[in-house]
1. Taking one equal scatterer on every alpha-carbon of the range 18-158, how large is log10 of I(q)/I(0) by Debye at q = 0.08, 0.09, 0.21 1/Å?
2. Listing 121, 134 from the residue with the fewest other Cβ atoms within 10 Å to the one with the most, what is the order?
3. With label points built 7 Å along Cα→Cβ from the Cα atoms of residue 155 and residue 98, find their separation and express it in nm.
């Protein structure tokens, strides 16, 4: 509990630091500071293999950015066009995660999509024709904020964050390939579904 408080306070400091760095470097980080720090914090805190969750975040971020490109180039600027883009983005992320045999977690892909949407949706709505010039700026500022949040959450190890060190050794372990063993949660759920008591 104490470590969680320390990490939370560290994230708060980093959120303020992101704004300060934005002022110092002349970057517009004010509107992404809290969202970026929070998203990066979640990425750092969730007990999951680092390579898998970072890959998922990158997939979600890029797919959602391509969704904006699709909206700008092809889809109508209407509720129907936005709905189609949202469907395509989430479906593609889900397929990529499924194809990875869950080595790339769906939650991190959705987090990546949420990051670029939080950074760019308002700007896109105001000027869809400026996609090529505005989206890279929004994307890089959000990535910078997320990276600092991830760094803050990764500084102190929390109890229970052993996902990257459990299971079989080797390359598969980076992706949390623990298919050969069942977790206590799954055994408990199976037992409950079967009517057994633990």
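1. Debye curve over Cα of the range 18-158, log10 I(q)/I(0) at q = 0.08, 0.09, 0.21 Å⁻¹: -0.22, -0.28, -1.22.
2. Ascending number of Cβ neighbours within 10 Å: 121, 134.
3. 4.1
Only the coordinates and a few stated rules stand behind these numbers; no lab work does. Owing to the predicted nature of the structure, the values given are computational and were not obtained by experimental measurement. Note that each Cβ is placed from the backbone with ideal geometry, even for glycine, and that neighbours are counted across all protein chains shown.
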